[in-house]
1. So who's got an amide H within less than 5 Å of the one on residue 26, skipping anything under 5 residues away but keeping other chains? H placed 1.01 Å off N, in plane.
2. Translational diffusion coefficient, Stokes-Einstein: compute it for the stretch 3-140 using the Kirkwood radius over C-alpha pairs as Rh, at 20 °C and 1.002 mPa s, and state it as an integer in µm² s⁻¹.
3. Scan around residue 45 for amide H atoms under 5 Å from its own, H built in the peptide plane at 1.01 Å from N, and keep only partners 5 or more places away or cross-chain.
4. What length, rounded to one decimal in nm, is gained on full extension from residue 32 through to residue 99, with 0.36 nm per residue of separation minus their alpha-carbon distance?
5. What distance in nm separates the simple spin-label points at residue 92 and residue 18, each placed 7 Å from Cα in the Cβ direction?
Amino acid sequence: MDISRVQRGERIAIIGGILLAVSLILTWYHLDKNGEAGGKMGPADLTGWEAHSTMRWLLLAAAIAPLILAYIIARDHKLSWPRGQLTSVIAIAAFGLVFYAGLVDKPGDSNSLIGLQWGWIVSVIGSGLMLFGSVIRQNETEIKRKPPGTI
């Protein structure tokens, strides 16, 4: 295992994964006095962990993806796809989930009574850094092309 193989792209993606995981314990939503979400009545603040019972596990799993990528690169495992490609797909999914949860379908009764807080912004930044770092790594890997007519 050679940690020196872990390049700039993986480091950026790891920082993004850590930010995404940490964002789950930060405040994502603020409920006004008449709002209700996650079993709480307003005024209250909700973390990402409290507000999203299923999505929290998906985002936590997505935050682990850059660490797995760094492990694969440090161990120099051979892959059948470009390194960083799967992490890119996972980061896109996490980015989409975070945006959907923050802009389209906020938890609670009335979306007008729920405001976004710093935790949601940190999760957007974290998933964006995951995507950026994995794309950098994917561009550093040469894609081996097959000749036409072969499977």
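Please treat every number below as a calculation from the coordinates, not as lab data. In this text the structure is predicted, and so the values were computed from the model without any measurement. Neighbour counts are summed over all protein chains in view; Cβ atoms, including those assigned to glycine, are modelled from backbone coordinates with ideal geometry.
1. 48
2. Using the Kirkwood radius from Cα pairs, D works out to 139 µm²/s.
3. 31
4. Answer, rounded to one decimal: 22.0 nm.
5. Label at residue 92, label at residue 18, 2.7 nm between them.
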